[in-house]
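Values in this text are rule-based calculations from the coordinates and carry no lab data. Only a predicted model underlies this, so the values are computations on that prediction, with no experimental measurement involved. Positions of Cβ are generated from backbone atoms using ideal geometry, with glycine treated the same way; all protein chains shown enter the neighbour counts.
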Amino acid sequence: MVIEFVAMLVVGKLVIVVYSSFSTESPSMPKKRSSSRAWLKEHREDPFVQRAQKDGYRSRACYKLLEINDRDKLIRPGMTVLDLGSAPGGWSQIAADLVGARGRVLATDILPMDSLGGVEFVQGDFTEEAVFDHLLTTLGSDDVDLVMSDMAPNMSGLNAVDQPRAMYLVELALDLARRVLPKGGAFLAKVFHGEGFEPLMADCRGHFDKVLTRKPEASRPRSREVYVVATGFKG
Ligand SMILES: C[S@@+](CC[C@H](N)C(=O)[O-])C[C@H]1O[C@@H](n2cnc3c(N)ncnc32)[C@H](O)[C@@H]1O
């Protein structure tokens, strides 16, 4: 049995969510192994995983960006694209291909990422101010045409913990977008339906001419994730 405990502390303007869980089962109990086996089986049989292996893409997430880009034409040759939460590098691969030699792709992730032709990479936790500032310095005076974020926190399975963490990442991504996009720029980000979703959409509508959501085929139907596509930054 897994016992979970969540507490919310309000300190001034800061809301701190404390989450603790412990299991009464030994880590080697068969139940855990069978859920890992089920995950592996689902992963191996996933048609997008199989397609990615065949097409030489680093992740099944590539097909999400490809489908969104087919519809919304976000990435064009010569553009500068910022890829937040880039590892293992699928979206960066697609972006580097589409922007071509005249374009620029700057990617970042808390995890390491194998190098990719045409992609600059900064490793670090995006929630840390130093990493945020390092990205701004690396960009220099370049205008960014598209800020895209596929960031997702490690899921605990407990919505009260996962949803605020996920919303925090997308809010920071939007914050960065507002600092680096010129008028007319675009923002694409993974968002999860739930607490904070509507305020985030309203925030986007306040800063972009057109805001919509997409649920690409490669996004699992059981997942609450959708992608917000915001174009025409108002500056
Ligand atoms: C769904 S994966 C991205 C997949 C990627 N778009 C691709 O196509 O290969 C989400 C990524 O967000 C990253 N991430 C989560 N929290 C982060 C944080 N605080 N700072 C930077 N990256 C983070 C994770 O390490 C993970 O690699």
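Arrange the following residues from fewest to most other Cβ atoms within 10 Å of their Cβ: V229, V131.
V131, V229
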Item checked: Highest-MSF residue in the chain out of P88, P47, P112 [GNM, Cα springs under 10 Å] -> P47
Note to self: Between D142 and K183, what is the label-point separation in nm under the 7 Å Cα-to-beta-carbon projection?
What the structure shows: 2.4
Next item on the list: Fewest Cβ neighbours within 10 Å first, please rank H193, H43 accordingly.
Entry: H43, H193
Check: How far apart, in nm, are the 7 Å Cα→Cβ label points at M201 and S35?
Finding: 3.1
Note to self: If I take every Cα pair under 8 Å that is 6 or more residues apart in the chain, average their sequence separation and divide by the length, what percent do I get for the relative contact order?
What the structure shows: 14
Check: Any idea what angle helix 62-72 forms with the longest principal axis of the chain, computed on alpha-carbon atoms, 0 to 90 degrees, nearest 10?
Finding: 40
Check: Rounded to the nearest 500 deg cm²/dmol, what is the calculated helix-only ellipticity per residue at 222 nm for the chain, with -39500 (n - 2.57) per DSSP H run of length n ≥ 4?
Finding: -12000 deg cm²/dmol
Checklist line | Cα-based shape type of the stretch 60-233, given that a ≥ b ≥ c are square roots of the gyration tensor eigenvalues and the cut on a/c is 1.5 | finding: rounded
Item checked: Cα-based reach from K215 at 14 Å (exclusive), listing aspartates and glutamates while leaving out same-chain residues under 8 positions away -> E67, D70, D72, D150, E225
Margin query: Quick check: pseudo-label points 7 Å beyond the Cα along Cα→Cβ at D175 and R76, how many nm apart are they?
Written below: 3.2
Notebook entry, point to check: Size of the dipole of the chain about the Cα centre, Lys and Arg at +1 and Asp and Glu at -1 on the beta carbon, nothing else charged, in debye to 20?
Noted result: 740
Item checked: Restricting the stretch 144-235 to GluC sites (Glu not before Pro) in coil, as DSSP defines it, with at most 13 other Cβ within 10 Å -> E195, E217
Next item on the list: Report the residue, chosen from A177, A38, A202, that carries the largest GNM mean-square fluctuation when the chain is represented by alpha-carbon nodes joined by springs under 10 Å.
Entry: A38
Check: Cβ under 14 Å from G232's Cβ, G232 left aside: what net charge do those residues give with Lys, Arg +1 and Asp, Glu -1?
Finding: +3
Next item on the list: Among V147, L98, T127, flag the residue with its Cα farthest along the positive direction of the charge dipole of the chain, charges on Cβ as +1 for Lys/Arg and -1 for Asp/Glu.
Entry: L98
Checklist line | Under Karplus coefficients 6.51, -1.76 and 1.60, residue-wise ³J(HN,Hα) of the stretch 226-235 in Hz, glycine/proline x | finding: 9, 10, 8, 10, 10, 10, x, 4, 7, x
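Which ordering of L116, L212 is given by a fewest-first count of other beta-carbon atoms within 10 Å?
Starting with the residue having the fewest Cβ neighbours, the order is L212, L116.
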